[in-house]
Amino acid sequence: MTEAARQKMVERVRGLLRMAEDPAVTDAESQAFTAKAAELMTRHAIAEAEARAERGEEPDAISRLDYTVPGVGGHGKARVRALADIAAAYGCQSAVRGNNSENTDRTIILVGTVSALDALRMLMPSISMQMEASAKFMSSAHVTDIRELRNYTRSELETERKRYYRSFVRAYGQAVAERIREFRARLQEMASNDDDSGVTEGSGENGSTRGAELVLRDDLNRVNEEFHKQFPQLRKHRPERTHSAAGYRAGYRRGRQAELGLDTPVTSGRASTLAEGE
């Protein structure tokens with residue numbers, strides 16, 4: 001892809017995300033716009049990996065992105081976990097700074113390829129917007145439902161709302177990450193099948209044409225190496241103790257249903273490892 005073509009694609013993605021964030025559109029329309037943007041960015045990353053391999057060029061550079069995560073409502077840790085899972089699905093590794101129990105902002109530090117970070121930089125705000133809107137709506141509905149069961153105090157209801165919200169957000173991120181991972185794998189498989197029916201390995205100009213699967217696997221190794229260079233000593237992330245089974249089930253279900261342009265079934269996925277950066 002030429003630089004002009006890439007810029008055209010980026011502008012199209014930004015346009016879709018602007019429409020997704022327009023308060024005048026419906027939830028379904030917002031999700032549809034985000035869906036198309038995610039699909040374009042994912043397909044672009046796969047195509048770029050293949051093109052570099054075919055031309056015998058150096059792989060995509062490894063870079064770093066510092067992304068601010070709000071702690072509003074005391075849900076910062078849950079948001080960090082959700083976004084870290086989504087970043088891992090794009091082949092990135094994460095550390096986090098300032099991830100305490102307070103309502104303050106914290107920074108999630110992402111290490112990945114330039115193309116992956118470009119995609120996340122544009123997509124994470126829109127995915128977060130959908131996630132937060134769903135969490136707010138569902139947690140309010142949950143509190144309304146349990147209030148009718150017995151006479152809860154206001155404090156008890158607020159505690160349950162927070163537990164539900166946090167569990168919802170964590171599960172939503174996990175489900176979206178699994179869908180992204182499956183979609184990327186399916187695109188790689190399609191690209192591999194195209195190679196098998198046409199160009200054979202080693203027939204490129206430099207005698208080393210490789211499929212996107214091998215290129216992206218190399219990217220993962222390079223990201224892992226760079227991440228451990230930048231963060232040689234990390235403290236393990238302490239998971240939140242509060243948990244709501246109902247919130248987790250609802251968040252996972254909503255994450256599965258979120259319109260991301262990833263029309264592929266979700267299978268079992270491996271959770272990312274998140275550590276605290278100093």
Kindly give the semi-axes, whole Å and largest first, of the ellipsoid equivalent to segment 18-135, taking each as the square root of 5 times a Cα gyration tensor eigenvalue. 27, 21, 9
Listed residues 19, 9 arranged by accessible area, highest first, probe 1.4 Å: 19, 9
Can you list, bin by bin at 5 Å, the percent of alpha carbon pairs in segment 117-161, starting at 0? 5, 20, 19, 14, 10, 9, 8, 7, 4, 1
So which of 136/162; 8/36; 36/136; 77/136; 36/77 end up more than 21 Å apart by C-alpha? 36/136; 36/77
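Give me the 1.4 Å probe accessible area per residue for segment 17-139, excluding ligands and nucleic acids, in Å².
Value for segment 17-139: 39 Å² per residue.
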How many percent of the alpha carbon pairs in segment 13-62 exceed a separation of 15 Å? 55 percent
For an R0 of 45 angstrom, estimate the FRET efficiency from the Cβ-Cβ distance between residue 152 and residue 55 and round to the nearest 0.05. 0.10
With every protein chain in place, the accessible area of residue 144 for a 1.4 Å probe, in Å² rounded to the nearest 10, comes to 60 Å²
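When a/c reaches 1.5 or more, the comparison of a/b and b/c decides; with that in mind, is segment 67-143 rounded, prolate or oblate per its Cα gyration tensor?
oblate
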Using the Kirkwood formula over every pair of different C-alpha atoms, what hydrodynamic radius in Å results for segment 144-192? 13.6 Å
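The values are calculated or read from the model by the stated rules, or taken from the named source; none is laboratory data. This is a predicted model, so every value here is computed, not measured. Backbone-built Cβ (ideal geometry, glycine too); neighbour counts: all protein chains shown. Heavy atoms of the whole protein, side chains included, go into the accessibility calculation; ligands, DNA and RNA do not. Shrake-Rupley method; radii C 1.70, N 1.55, O 1.52, S 1.80 Å.
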